[in-house]
Amino acid sequence: MSILQPIGDLILSLQHGFVDVLNPPLTGSAGFTEFDEVLRRARQRTDISDHLPFLFVEALKIKPRLIVELGVRGGESTFVFERVARLTGARLVSVDIEDCSGICKYADWEFVLGDDIEFAGRFSEWCAQRGINSGIDVLFIDTSHLYEHTLDELRVWLPHCSAGAAVLFHDTNQRKFYTRSDGSWGIGWRNNRGVIRALESYFGKRFNEKRDFTDYADGWFIQHRHVCSGMTMLTKYVDGTKQ
């Protein structure tokens, strides 16, 4: 932990309190149990909190049968994908280099301890051994955020995606200080644009991650949200027609 982290945490707690006075978190119910749970989770400000409802809605729209999550950490995205999986009857697979096996209690959840690049090489066989169709419908990537690693993830994991799949990347707008949609901010880190730069290399395009954008490349629609460290979603299309 950085020596500045305790000071940063104090500053953030004071700043969040100020933001709550001017712009209090939304309360009430949407009337959809699983979505309400996600909304309540999103009120706890984190570097991904702004994106939790978006993850829920976009994943649910696909009606996935298989969700794969690369990177678990505190289980924020796992919380969302578990609720999507319960609604659609999907299998949920999470991979992390740290032991996160206690994060989720969903019966059809599998946790894999290890490197996600290595796991990709044996993913089809691993699925076959468990009677799982290996076509990934929702792939979430939130791992090292380093350029070379992310580029490797694109190369080894995208071929496992089903027709019409969605691939979501967190931290595509990383910087020393990030902002949320309610005006609050948090302490991040600069990684030389690792994730978004890997996407640029993979698709041969230049992106401005500081702004929201929508683009298209090589059979994928690319949608980017710049707030809260950034979230970029690829939606798989073939010749402009969703399969």
Name the single residue that is modelled with the lowest pLDDT among those in segment 58-101 being closer than 22 Å to Arg45 by Cα and of a type in the set (Gly, Ala, Ser). Gly74
Close pairs from segment 59-81: first of a type in the set (Lys, Arg), partner open to solvent by 10 Å² or more (accessible area, probe 1.4 Å) and not in a loop (DSSP other than H, G, I, E, B), Cβ under 6 Å, at least 6 apart: Lys63/Thr88; Arg65/Asp137
Strands (runs of 3 or more DSSP E) fully within segment 113-215 counting 1 or more residues that are closer than 28 Å to Arg91 by Cα and open to solvent by 30 Å² or more (accessible area, probe 1.4 Å): 161-170
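The values are calculated or read from the model by the stated rules, or taken from the named source; none is laboratory data. The structure displayed is predicted, hence computed values, not measured ones. In this analysis, Cβ positions are derived from the backbone assuming ideal geometry, glycine residues included, and neighbour counts consider all displayed protein chains. Surface areas here come from the heavy atoms of the whole protein model, side chains and all, with no ligands, DNA or RNA. Shrake-Rupley method; radii C 1.70, N 1.55, O 1.52, S 1.80 Å.
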